[in-house]
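What follows is a single structure, written as structure tokens, with notes after it.
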Ligand SMILES: Cc1cc2nc3c(=O)[nH]c(=O)nc-3n(C[C@H](O)[C@H](O)[C@H](O)COP(=O)(O)OP(=O)(O)OC[C@H]3O[C@@H](n4cnc5c(N)ncnc54)[C@H](O)[C@@H]3O)c2cc1C
């Protein structure tokens, strides 16, 4: 909040600073010429004459003290209130990886042309999926758009310092992915690999023998083939990426508001105009009600609103009557939280996979990768539908590791017979119950509602592409780079799921 205030403050008063610095330059210049005997700088003289009036003007506009101590709270509070945007062009609900990428792209492209407000209820991002993610990036998908988005994700991360700034350290670890298949899944894995390589990914299919040669720690019993990513795959720090998007978005003029969206205000709009008479009315989205940190409720009017609220997107959409209205509005946004555990463990012998081991996924979906240089690994497995844990908390079930994750790990990596769980966390997938893929684009009923959510465990790598795609929709009126039409809400209306074969 403070950073935002300072940044916009500096933006708002450049003329004052310029005046001051022009004045001091003039002063130097006149002093030099005063060697030749000229009189006092006329600007200094004017400042002196205006005296207290100038001081009062200055105190009104500039902070009188360093804005660090308690005495500055009033100033900051006043500033926060004055800076509040009661209306905007684009309002983004949720400032996680997806929402912040959208804000970044919109402001990068439109700058002052669009007033963008991001409403984020938790500026610490404690429960945000982005910060609880494993940060993996792969092109090993079966759907063209998923492959394209992740290829762009890799390109964006490669150039991240030029795009987001040299202070953004995403620590991309380029050791690839290794997806394993039994005889039954081998054909599909090969087909996927062909498609991925045609689209620009680089991976190779390895037989069980070659897998054993390349990865001697592996038990290949029951494994027919593996697909090993050679380029543009690995993992990175999702928090650093989110921070980079947010920092740059704010610098370009986006306003982040620390508040929770608690409802919508609707506005009656005519359906169709025939001559002078309207053919009925419908209700359009007009404002959001937001609850500020101090409990006060305010409204923000918007031209366009975007739901990027992660696992809570279905709930937010419901506030906009998506799923509770009539006709198209009777169809809900099928996104809800699903809890996923990530366990951090150490191998108690020296035979564990080395630091350049790819993120490895066995045919059951159990995965592991190295984590940092401390000898740690992390891993997990999505539960079956019957095993889905409750989602009213983020507590970790350690018995799930013992009964479901560890047996698979130890089968694939015999050295993992002896491992010790050191730590664990849980996070929510923003799970699309319809087909486990992102839902991106305009809502078919409201002409000013856009959606960007439902990525179901592969969303952080897609944030650069999704932010850019939504900015194209809003600024250009169409997808310009990656055509995400098939990822729209319409597929839910017409009941045409888009199944991804490689879900983890
Ligand atoms: C354990 C785990 C592992 C994962 N691993 C990977 C991986 O390896 N690779 C990958 O690509 N993806 C992975 N993901 C998925 C990825 O993290 C998500 O797809 C992505 O972070 C979603 O970003 P988001 O911005 O939509 O959601 P979030 O980061 O959750 O952000 C949504 C924000 O909306 C805010 N919000 C919600 N409701 C409101 C409201 N009413 N008002 C205001 N603000 C609101 C929330 O506070 C939150 O900050 C993983 C996820 C988990 C949980």
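Within the range 441-489, the residues that satisfy the criterion of being assigned to a loop (DSSP other than H, G, I, E, B) and within 16 Å of residue 430 (Cβ to Cβ) are 454, 455, 456, 457, 458, 459, 489. For the range 244-267, taking the residues that are more than 12 Å from the ligand (Cβ to nearest atom) and under 14 Å from the mean Cα position of the chain (by Cα), the one that is surrounded by the most Cβ atoms within 10 Å (Cβ to Cβ) is identified as 249. Across the range 470-504, the qualifying residues are those that are farther than 19 Å from residue 317 by Cβ and within 16 Å of the ligand (Cβ to nearest atom), and the one among them that is surrounded by the fewest Cβ atoms within 10 Å (Cβ to Cβ) is 503. Apart from one condition, residue 219 fits all of (1) outside the structural domain of residue 351 (by TED's automatic domain parsing); (2) outside any helix (DSSP H, G or I); the exception is (1).
If you go through the range 378-401 one residue at a time, do you hit one that is more than 28 Å from residue 312 (Cα to Cα), more than 12 Å from the ligand (Cβ to nearest atom) and in the same structural domain as residue 226 (by TED's automatic domain parsing)? Spell out how you get there, then give the answer.
Step one: filter the range 378-401 for residues more than 28 Å from residue 312 (Cα to Cα), giving none.
No, the range 378-401 has no match at all.
Looking across the range 195-224 at every residue that is over 19 Å from residue 185 (Cα atoms) and surrounded by 17 or more Cβ atoms within 10 Å (Cβ to Cβ), the one that is nearest to the chain's Cα centre (by Cα) is identified as 201. The criterion of at least 1 residues that are at pLDDT 95 or above and more than 25 Å from residue 359 (Cα to Cα) is met by the following helices (runs of 4 or more DSSP H) wholly inside the range 78-181: 97-110, 160-164.
Can you tell me which residue within the range 415-466, out of those that are within 13 Å of the ligand (Cβ to nearest atom) and more than 21 Å from residue 336 (Cα to Cα), is farthest from the chain's Cα centre (by Cα)? Here the answer is 424.
Screening the candidates 302, 289 for the property of being more than 21 Å from residue 460 (Cβ to Cβ), in contact with a strand residue (DSSP E or B) (Cβ under 7 Å, 6 or more places away or on another chain) and within 11 Å of the ligand (Cβ to nearest atom) yields one hit, 289.
The values are calculated or read from the model by the stated rules, or taken from the named source; none is laboratory data. A quick note: this is a predicted structure, and the numbers were derived from the prediction, not measured. Using ideal geometry, Cβ is built from the backbone for each residue, glycine included, and neighbour counts are taken over all protein chains shown.
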